[in-house]
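Q: Structure provided below as structure tokens; questions to follow.
The values are calculated or read from the model by the stated rules, or taken from the named source; none is laboratory data. Quick caveat, the model's predicted, so the values are computed rather than measured. Cβ: placed from backbone, ideal geometry, glycine included. Neighbour counts: every protein chain shown.
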Ligand code: MUC
Ligand code: MG
């Protein structure tokens with residue numbers, strides 16, 4: 001008899017970060033992941049992860065809402081259903097539940113992990129095959145201190161772990177942020193690509209002033225300078241400057257991609273499985289971008305190893321991305337809940353091998369870091 005989904009367990013897992021991570025809207029000292037354990041009647045377990053940044057600071061889903069909404073609304077739509085048809089199960093979730101992209105992404109990851117294990121294929125193979133097995137990974141400098149950020153970047157370069165750096169700005173007055181960025185770019189020179197992420201903190205006129213100064217300082221990419229919903233403003237900024245604009249919060253899914261492209265956006269799109277409700281949704285977005293000649297960037301919501309591995313399987317199926325990836329989430333955390341951490345070396349990360357995601361839980365660590373109530 002074919003397999004059915006038997007149970008779906010969700011766990012809130014709190015892991016401390018290696019240093020405070022300062023973004024325009026919050027400072028993180030800890031990351032909370034929602035880990036999904038989906039058990040099937042053929043004995044296979046699928047793993048998934050739904051993770052956001054800073055409670056409700058980044059978007060409308062918090063770790064607690066992700067867990068509650070899976071437990072109360074989404075899991076009952078899946079339990080008892082045949083295990084193997086991920087397309088049908090995704091459609092069922094979308095038919096009965098609106099929004100909740102991160103929760104849906106966690107569930108779809110668990111479905112794909114289980115299906116891969118069932119068929120003896122990696123998730124990338126399940127999606128048609130990997131075109132890359134070692135993906136470039138950038139590092140985000142966000143200690144909040146210029147000297148510390150420079151030292152951190154120099155160390156990463158020396159370790160050959162990262163040669164592209166993203167600076168989180170927008171929390172301070174624009175002139176102060178620009179001085180901080182320019183000092184880091186000057187210290188690193190041609191050894192590294194330096195980009196910034198403003199996380200929506202500026203209005204358009206501040207953005208015009210800030211981006212002009214960042215462009216003059218040699219910054220290579222400006223991510224989400226203005227609020228997510230201001231598509232017309234983002235298009236104006238992209239047309240005004242030579243330095244490319246990277247749309248992040250503005251482009252959640254293929255629909256946003258079509259709006260931006262048809263409005264004349266030139267620049268790049270940050271992909272995140274969490275924004276698009278999972279791997280299938282993010283690949284739809286990627287394919288729109290590819291058809292429109294928009295460059296891609298493999299983004300993270302600072303997921304741990306499970307969410308990062310899921311993203312890597314998706315990115316691996318695409319041609320090399322114009323702006324690489326930022327799949328460094330596990331490196332920002334003091335510890336891990338998987339038996340074999342992802343392998344970071346030579347300025348990138350290896351696509352995990354093995355069936356499904358290629359990830360095995362460390363049960364002791366999972367129990368240790370799981371929230372008890
Ligand atoms: C974002 O907005 O890009 C990615 C790296 C990082 O430090 O924060 C994220 C989210
Ligand atoms: Mg961003």
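Q: Out of all the residues in the range 257-277, is one or more over 26 Å from residue 25 (Cβ atoms) and in contact (Cβ under 8 Å) with a residue 60 or more places away in the chain?
A: No, the range 257-277 has no match at all.
Q: From 312, 302, which residue is within 16 Å of ligand 1 (Cβ to nearest atom), part of a helix (DSSP H, G or I) and touching a strand residue (DSSP E or B) at 6+ places or on another chain (Cβ under 9 Å)?
A: 312
Q: Hey, another quick one. Determine which member of the set 135, 127, 141, 89 is buried (at least 17 other Cβ atoms within 10 Å of the Cβ), over 30 Å from residue 185 (Cα atoms) and within 22 Å of the chain's Cα centre (by Cα).
A: 127
Q: Checking the conditions here, which among 342, 333, 301 is under 22 Å from residue 11 (Cβ atoms) and either assigned by TED's automatic domain parsing to the domain that holds residue 29 or within 16 Å of ligand 2 (Cβ to nearest atom) (or both)?
A: 301
Q: Test each condition in (1) in contact with a strand residue (DSSP E or B) (Cβ under 7 Å, 6 or more places away or on another chain); (2) under 30 Å from residue 343 (Cβ atoms) for residue 181 and report the one that comes out false.
A: Of (1) in contact with a strand residue (DSSP E or B) (Cβ under 7 Å, 6 or more places away or on another chain); (2) under 30 Å from residue 343 (Cβ atoms), only one is false for residue 181: (2).
Q: Could you look through the range 123-146, keep only residues that are over 17 Å from residue 350 (Cβ atoms) and part of a loop (DSSP other than H, G, I, E, B), and pick out the one that is nearest to ligand 2 (Cβ to nearest atom)?
A: 142
Q: How about the range 229-249: which of its residues are over 23 Å from the mean Cα position of the chain (by Cα) and either more than 13 Å from residue 266 (Cβ to Cβ) or within 16 Å of ligand 1 (Cβ to nearest atom) (or both)?
A: 232, 233
Q: Of everything in the range 252-262, what is in a helix (DSSP H, G or I) and either in contact with a helix residue (DSSP H, G or I) (Cβ under 7 Å, 6 or more places away or on another chain) or not assigned by TED's automatic domain parsing to the domain that holds residue 206 (or both)? Give them in sequence order.
A: 254, 257, 258, 259, 260, 261
Q: Condition test on residue 75, is it touching a strand residue (DSSP E or B) at 6+ places or on another chain (Cβ under 9 Å), surrounded by fewer than 20 Cβ atoms within 10 Å (Cβ to Cβ), at pLDDT 95 or above and assigned to a helix (DSSP H, G or I)?
A: Against the criterion (touching a strand residue (DSSP E or B) at 6+ places or on another chain (Cβ under 9 Å), surrounded by fewer than 20 Cβ atoms within 10 Å (Cβ to Cβ), at pLDDT 95 or above and assigned to a helix (DSSP H, G or I)), residue 75 qualifies.
Q: Right, another one. Pairs, please: C-beta under 6 Å, at least 6 apart or cross-chain, first residue without any contact (Cβ under 8 Å) to a residue 24 or more places away in the chain and in the range 336-358, second not in a loop (DSSP other than H, G, I, E, B)?
A: 343/350
Q: From the list 158, 204, 186, pick out the single residue that is surrounded by fewer than 21 Cβ atoms within 10 Å (Cβ to Cβ) and within 24 Å of residue 252 (Cα to Cα).
A: Step by step, each of 158, 204, 186 is checked, and only 204 is surrounded by fewer than 21 Cβ atoms within 10 Å (Cβ to Cβ) and within 24 Å of residue 252 (Cα to Cα).
Q: If I ask for residues that are out of contact with any helix residue (DSSP H, G or I) (no Cβ under 7 Å at 6 or more places or on another chain) and in a helix (DSSP H, G or I), which ones from the range 79-105 would you list?
A: 87, 88, 91, 94, 95, 101, 105
Q: Report the residue count in the range 28-59 for those that are more than 11 Å from residue 14 (Cβ to Cβ), more than 16 Å from ligand 2 (Cβ to nearest atom) and surrounded by fewer than 22 Cβ atoms within 10 Å (Cβ to Cβ).
A: Qualifying residue count for the region: 9.
Q: Report yes if residue 48 is at pLDDT 95 or above, touching a strand residue (DSSP E or B) at 6+ places or on another chain (Cβ under 7 Å) and under 26 Å from residue 299 (Cβ atoms), otherwise no.
A: yes
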